[in-house]
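The numbers here are math on the coordinates, done by the rules we state, and not lab data. Source: prediction; values computed, not measured. Quick reminder, even Gly has a Cβ in these numbers, built from the backbone with ideal geometry, and neighbours come from all protein chains shown.
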Amino acid sequence: MDEIKAKELHDGILAKVREYYELVHAPQRESAFLPGESRINYAGRVFDAEEMCNLVDSGLEFWLTYGKYSREFEAGLAAYLGVRFALLVNSGSSANLLAFAVLTSPLLGERRIKRGDEVITVACAFPTTIAPMVQYGAVPVFADVEAGTANICTDMLETARSPRTKAVMIAHSLGNPFNIHAVRDFCGKHGLWLVEDNCDALGSKYGGKFTGTWGDLGTSSFYPPHHMTMGEGGAVYTNDPLLRKIALSIRDWGRDCWCTSGTDNTCGCRFTKKFGQLPPGYDHKYVYSHFGYNLKATDMQAAVGCAQLKKLPSFVEKRKANFRLLYDGLKDLPELRLFEKYPESDPAWFGFLITLTDRAKFTRNDLTKYLEDHRIQTRNLFAGNILKHPCFETLEEGKDYRVAGPLTNTDSIMNNAFWLGLYPGMENEKLEYMIQCIREFCKK
């Protein structure tokens with residue numbers, strides 16, 4: 001191969017990609033915002049030529065599966081969060097599945113989660129925080145959430161616990177950290193695993209430390225609405241070498257081998273060990289220590305993620321600024337209760353939660369319909385109360401799941417709350433129009 005010619009072609013292609021970005025995708029090519037006519041989406045991708053060049057560069061290499069960009073991304077995410085290990089997966093839902101599956105490993109001895117063991121969580125959640133518990137035969141135990149923070153009521157933790165409780169697995173709601181000190185102290189006192197669903201909170205901090213890094217395992221999602229994107233994608237991170245070893249096995253088909261894609265015999269004893277009842281010297285690359293999956297992302301996705309990761313700090317700051325603008329513009333309306341946070345929290349807000357108060361003479365749907373009619377996209381707080389959904393109709397309370405007490409605030413959020421977007425591509429004029437529309441509606 002003519003290496004000089006190949007490099008010239010490669011560099012020329014990337015130069016054309018940059019030119020194409022400027023022509024088609026650059027922000028200045030977007031049309032001006034027209035209040036009431038232009039659509040205000042709750043989320044969107046924010047990118048530049050670097051993401052597109054990385055994507056094309058990966059395509060030209062044509063490795064496709066886990067490769068150099070995947071390794072670069074995992075190292076970069078771990079460095080950003082200040083953790084030892086990060087594993088790239090194909091979605092945030094897969095990240096939650098993998099994190100929970102890790103805790104079922106026989107390698108964890110008496111602490112492993114078995115069928116019938118209990119996991120404390122909340123019903124006001126995204127379903128894939130809870131789905132792995134049900135899928136592995138564990139029993140989710142539902143606590144209520146606080147009205148202001150939409151996070152777990154820590155006063156209910158002791159009530160929710162039983163002799164079969166093995167873990168707590170909850171999300172930081174819309175990027176707003178839950179009371180980590182209380183939850184972690186509870187887990188430490190009773191020897192419970194803590195899994196932080198950090199999919200909506202990447203970049204949030206509690207007590208000066210990133211969320212997702214306080215527990216035993218943290219998870220992220222890189223779906224387009226989230227804090228950074230690679231289209232699809234997610235990650236699991238931990239400081240525990242054993243949990244990392246188990247996660248790597250389950251992510252990669254359940255195999256015992258830890259060789260990366262395209263490499264062999266990293267252990268130096270590929271054909272000399274004895275495993276289970278297999279014949280001596282059975283190829284280590286085809287020895288399976290767990291029932292696993294293939295949850296890897298592609299290197300093309302990771303290539304986009306590497307460029308996004310460099311922008312993440314600026315994305316976080318813009319989300320905070322957007323939250324402050326909305327909060328200051330709406331905080332005096334008696335009909336609305338706005339998002340609250342703990343003093344120790346520094347949220348990288350995913351969304352702006354609004355709950356109607358008793359002063360409101362209208363319903364949540366009245367307000368959201370008005371906003372949607374005015375081209376402002378709204379979202380409910382995910383499941384609201386997951387127990388009310390059809391997926392729970394085949395489950396039996398007391399056997400398949402437990403409720404730790406009245407879910408009063410959960411039901412209130414289900415009926416009376418919604419949220420607005422804060423993504424970094426949202427200009428101030430859009431936020432000001434959102435404020436204007438909400439204020440006009442409340443006056444009516």
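What you get for the range 1-105, charging only the Cβ of Lys and Arg (+1) and of Asp and Glu (-1), is a dipole of about 400 debye around the Cα centre. Placing unit charges on the Cβ atoms of the charged side chains and taking the dipole of the chain about its Cα centre, the candidate lying farthest along the positive direction among Asn415, Tyr401, Trp63 is Tyr401. Between Asp283 and Arg18, how many nm apart are label points set 7 Å from Cα along the C-beta direction? Here the modelled spin labels are 4.4 nm apart.
In the chain, a dipole from Cβ-located charges (positive for Lys and Arg, negative for Asp and Glu) runs towards its positive end, and of Asn96, Ala307, Gln135 it is Gln135 whose Cα lies farthest in that direction. Placing +1 on the Cβ of every Lys and Arg and -1 on the Cβ of every Asp and Glu, with no other charges, gives the chain a dipole of roughly 820 debye about its Cα centre. Run down the lysines and flag those whose C-alpha is under 29 Å from the C-alpha of Lys369, throwing out any fewer than 8 positions away in its chain. Within reach: Lys318, Lys320, Lys331, Lys341, Lys361, Lys388, Lys430, Lys443, Lys444.
Calculate for the chain the 222 nm mean residue ellipticity that helices alone would give, adding -39,500 (n - 2.57) per DSSP H run of length 4 or more and normalising by residue count, nearest 500 deg cm²/dmol. It comes out at -11500 deg cm²/dmol, rounded to the nearest 500. Summing Lys, Arg as +1 and Asp, Glu as -1, what charge do residues with Cβ under 13 Å from the Cβ of Glu158 carry, Glu158 excluded? It works out to a net charge of 0. For the range 187-229, the Kirkwood estimate of the hydrodynamic radius, built from every pair of different alpha carbons, is 11.1 Å.
Of all DSSP-defined beta bridges confined to the chain, some 55% are antiparallel rather than parallel. In this structure the amide hydrogen of Val122, modeled in the peptide plane, comes within under 5 Å of the amide hydrogens of Ala143, none closer than 5 places in sequence on its chain.
Among the chymotrypsin sites (Phe, Trp or Tyr not before Pro) within the range 248-284, those in coil by DSSP and having at most 11 neighbouring Cβ atoms inside 10 Å are Phe271. Distance distribution P(r), the range 1-108, all Cα-Cα pairs, bin width 10 angstrom from 0: 11, 25, 29, 22, 11, 2 percent. Given the pairs Lys189/Lys209; Lys245/Lys399; Lys68/Lys310; Lys114/Lys273; Lys209/Lys311, which are separated by over 25 angstrom at their Cα positions? Result: Lys245/Lys399; Lys114/Lys273 exceed 25 Å.
In this simple spin-label model, placing a label point 7 Å from the Cα along the Cα-to-Cβ direction at both Phe62 and Asp328 gives a separation of 5.4 nm. Computed 3J(HN,Hα) for the range 395-401, one whole-Hz value per residue from the Karplus formula 6.51 cos²θ - 1.76 cosθ + 1.60 where θ = phi - 60°, is 9, 10, 5, x, 10, 8, 7, glycine and proline marked x.
Extending 7 Å from Cα along the Cβ direction at Lys399 and again at Asn415 yields two label points whose distance is 3.0 nm. Computed from phi, the 3J(HN,Hα) profile of the range 8-19 under the Karplus parametrisation 6.51, -1.76, 1.60 (θ = phi - 60°) reads 4, 5, 4, 5, x, 5, 5, 5, 5, 4, 4, 5 Hz, with x in place of Gly and Pro.
Neighbours of His290 by Cβ distance under 14 Å: Lys/Arg scored +1, Asp/Glu scored -1, total +3. Choose one answer from Val83, Val183, Val17: the residue with the largest mean-square fluctuation in a GNM of the chain with alpha-carbon springs under 10 Å. For the chain, modelled as a Gaussian network with Cα springs under 10 Å, the answer is Val17. If you plug the beta carbon distance of Lys114 and Asp185 into 1/(1 + (r/R0)^6) with R0 = 35 Å, you get a FRET efficiency near 0.90. Here the gap between Arg164 and Ala6, fully extended at 0.36 nm per residue and compared with their Cα-Cα distance, gives a gain of 50.7 nm. For Cα extents along the principal axes in Å, computed directly from the structure shown, the correct entry in (i) 78, 65, 39; (ii) 83, 58, 42; (iii) 64, 55, 40 is (i). If you keep only loop residues by DSSP, which chymotrypsin sites (Phe, Trp or Tyr not before Pro) in the range 1-69 have at most 11 other Cβ atoms within 10 Å of their Cβ? Passing both the DSSP loop test and the Cβ count: Phe62.
Packing, as the average of other Cβ atoms within 10 Å across residues, places the peptides 164-170, 371-377, 95-101 in the order 95-101, 164-170, 371-377, highest first. Estimated from the Cβ-Cβ distance and a Förster radius of 35 angstrom, the FRET efficiency linking Lys444 and Lys388 is about 0.70. A Förster radius of 30 Å combined with the Cβ-Cβ distance from Arg45 to Leu338 puts the calculated FRET efficiency at roughly 0.65.
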